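The block underneath contains the structure these notes are about, expressed in structure tokens.
Values quoted throughout were computed directly from the atomic coordinates according to the rules given, and no laboratory measurement underlies them. On a predicted model such as this, the values are computed, not experimentally measured, just so you know. Cβ: placed from backbone, ideal geometry, glycine included. Neighbour counts: every protein chain shown.
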Amino acid sequence: MKGTIQVDDPEILDIDPVQKLWMFNQWVGDQIDSAELAKNHAYLLASFDHPEAVKELVGAGDVHQSTDEEFEESSKMVREMSLISLAAPQPQETTKKAKRKRRLTLKEER
């Protein structure tokens with residue numbers, strides 16, 4: 001199988017429409033789960049500085065009590081993402097010289 005599959009690849013075009021729909025629904029579910037996880041981690045981290053604001057956002061009866069293991073996992077994820085963002089090249093570091101556009105001059109034949 002190739003590295004990346006495009007929408008117009010025969011492998012995708014020949015798939016049964018029901019299977020395509022199932023695959024799409026699975027993908028959407030994964031995206032929703034990822035967004036929910038990120039939201040809950042944000043609530044967890046914000047609760048250390050502003051617990052009352054988080055309670056208002058989440059609702060008093062709907063607050064999640066995390067265990068020490070969940071906190072450690074959240075802290076590890078935040079630490080890893082911070083290290084990745086620090087290791088990524090910053091926009092000012094990756095400036096390249098702009099290529100000069102040259103005009104083609106046509107010589108007239110005499």
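Summary table
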read-out: Spin-label pair THR4/ASP49, simplified geometry with 7 Å Cα→Cβ offset, distance in nm; value: 3.5 nm
read-out: Inter-label distance, nm, simple model (7 Å from Cα along the C-beta direction), THR105/ASN25; value: 6.7 nm
read-out: Burial ordering of THR67, THR105, fewest other beta-carbon atoms within 10 Å first; value: THR105, THR67
read-out: Inter-label distance, nm, simple model (7 Å from Cα along the C-beta direction), ALA88/ALA38; value: 1.1 nm
read-out: Convex hull volume of the range 16-87 per residue (C-alpha atoms, cubic angstrom); value: 137 Å³
